[in-house]
1. Out of the total accessible area of segment 229-293 (probe 1.4 Å, heavy atoms of protein only), what percent is carbon and sulfur?
2. Which value results for Rg/Rh of segment 509-622 when Rg is the Cα radius of gyration and Rh the Kirkwood radius based on the inverse mean 1/r?
3. I want to verify the translational diffusion coefficient of segment 397-541 in µm²/s; compute it with Stokes-Einstein, Rh as the Kirkwood radius over Cα pairs, at 10 °C and 1.306 mPa s.
4. Using only the alpha-carbon atoms, what does segment 385-463 span along each of its principal axes? Please give whole angstrom values in decreasing order.
5. Would you tally the net charge around residue 689, using a Cβ to Cβ cut-off of less than 13 Å, leaving residue 689 out, and scoring K and R as +1, D and E as -1?
6. Let's test this: bin the Cα-Cα distances of segment 228-383 at 5 Å from zero up to the farthest pair and state each bin's percent.
7. Per-residue counts of other Cβ atoms within 10 Å, averaged by peptide: what ranking do you get for 296-303, 556-563, 81-88, highest first?
8. Please work out the Cα center distance from segment 524-596 to segment 670-702, rounded to the nearest Å.
Amino acid sequence: MSGPVWLTLPAWAGRVPREPYRAEGDPSPEPAAPQNVHVLARGRAELPPGAYTLRLSADDYYHAWLDGEWLGQGPAPARPGRSWYQEYPVEGGRAVTVAVHLYYQGLVNRVWNSGDGRLALWAEIVRADGMSIRWDGDWRCQVCAAYSGEVTGYDTQFLEDFDSRLWPEGWERPGFDDGGWERMVPARWADYRLSPQPTANLWRGRVEAACRRPVPGGVLLDFGRERVGTLHAAAFGRAGDRLTLRFGEELDAAGRVRFEMRCSCRYEETWTLGPGESVLHPFDYKAFRYVEVLGLDRPGVELAECWVWERHYPMDEGLCTLACPQDGLEDIFTICKNAVRCGCQEGYLDCPSREKGQYLGDAVVTARSQVWLTGKTDLLRKCVGDFMASAEAAPALLAVAPGALRQEIADFSLLFPALPLTDYQFTGDRDFLRACYPAVCGIAEVFAQYRRPDGLLENAAHGWNLVDWPENLRDGYDFPLTRPVVGEGCHNVINALWYGFLRMKERMERILSLPGTGASRRVGEAFVRAFWRREQGLFADSEQSAHCSLHANLYPACFGLTPPGGADAYERLLLTPGRVCGVLPMYFALRGLGRLGKYDALYRLITREDQYGWRNMLAEDATACFEVWGKDQKWNTSLCHPWASGAIPLVIEELAGLRPDPEAAEGFRFAPHLPEKLGGFILRAPFRGRLLRVEKAGSAGAPRLSLCDL
């Protein structure tokens, strides 16, 4: 065949794809095709001398090898009918063998747009001049029966019970005999829109266990910190011998792996050995730190080696660092950094375990952290594109994209402009900001239907009004927020976010020299009239309420609504023992303290030692920041949740004083607010091709800034 064609198995060629979406709360539809299907495919090409590029894509996903050597994996999830492709350099003057492990999951969830009945491969080799070459030989494939297992998480992945007896070892190498495999055929569907993947290919590195110790029947492996990846091993035994593999983020009271994880994943699998040496070949990733391999007490069974292939968006470990042991600040920075590392895969995942989805509100914080840690905005731009594309399904944008779950959260929709504005702050690129503006206008039109004459939103029942999650961290917010129906009336948080949305929209209009309505001023004045309680110096939860929660005050402080004289009351509110909010709202709460000039309180709250701060995570042995402040504060706590990484931009921007600003001469402003008592502070951060360094040598010294090219 010549040119790129979508190929599939003969049995799948005639399937009619269907829309894979389901609304939140609806049951999953009946499967459109067999689920959890693994296919091994091989293609060969004879390349004349020269430089070439191999392009690959798949539906749902692939792992690929070139002449038996690992090549890469992908593509990143995309909306139905769209697909990314990835590129790999290939040297010509030889025959090459491309081996691709294809996977069709078939579940309708937050991860992929699977469940649509499409299983396909797309491959192309192009010359340096862009011309596609002719394939020499057929693509051949075989369904692989080595994998089986139950669904885990929020229906986000299949466990992988692996049977080495059913695995064709060496299938990816050039000399493998695939003569008995069936030929792949063109797929019936041809409605894909292919684009080059706008983000870097995932980093993949081998990690050995930091330590191992015996347990009854086997061995316990500790990989040192939270990891995201796959466990690989080689073992000897007899055909039919079985090993049990248990994964977990923590140990239980007996010192064993807690594989029935508190985040609602049950990570227990079996590995059935073949005769002699067997090799474990997992496909989908997990989030874990510890692994138990059990069944090693059987005669003749031996674990020869065991390691992890860790995967994440590329991150140079030494690029953004903090050295400051005082008050646990460096350790807080470290656990936030690891959560971002683990959670940044082909998108900004809310967690890499039970959900594996990219949530808009989570991404506002995670993206800010990730851009500081890497100095790059390509993953941010892909994220923005994912959510803008979801306008086809929901004009105010879906809360999670590009997966197949139709979930809408009003709070998250109103935070969307923060994502393109983050890109602008770090790049100064007005063209990208302009491309995002129509999506912001679309959100404004949806919420405008809830406006009353003074501009505030009333009965804003567009999706879930989150306020905070879980409910026990809402500080007694007394407006009814049942799911999916929101109580009638006018409440604080949705209107504070509405005001913030309008302010961000107007900021985009000023940057782009577009006419604006100036609606935020009228909304802000109405907000103060409706919710300000002068006697308390705070905002109330609703028009009828006298209760002044943290949540009713943190967004107004963040967006500049707190009246003159209200700063002290806001500071006291945040410092009052027992007043609580979750980790996502705390990011905005601390931004509010910075806006009001309360930097000492900001530092105290970042480094607080009670049960509602990052140091409590450290006290509970965190190696990545949690979903909530402590393991038992939620019934299904994820122990790796990058929405809690807000300490990274807070330390860099509010304390060290590095504020990206395209209007400034250097592209940023430097206005540090480090506590006087703090000494031995050294922060390094990448910014527009340079490395910024902020250092405070002692308690009496002033912070100093230095720059160098990367």
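1. 46
2. Rg/Rh: 1.04.
3. 97
4. Principal axes ranked by extent give 38, 34, 17 Å for the Cα atoms.
5. Net charge in that neighbourhood comes out at +1.
6. Each 5 Å bin holds this share of Cα pairs: 2, 8, 15, 16, 16, 14, 12, 8, 6, 4, 1, 0.
7. 556-563, 81-88, 296-303
8. Rounded to whole Å, the Cα centres lie 30 Å apart.
The values are calculated or read from the model by the stated rules, or taken from the named source; none is laboratory data. Being a predicted model, the structure only gives us computed values, none of them experimental. Cβ atoms come from the backbone with ideal geometry, glycine included; neighbour counts cover every protein chain shown. The accessibility values were calculated without ligands, DNA or RNA, using every heavy atom of the protein model including side chains. Shrake-Rupley method; radii C 1.70, N 1.55, O 1.52, S 1.80 Å.
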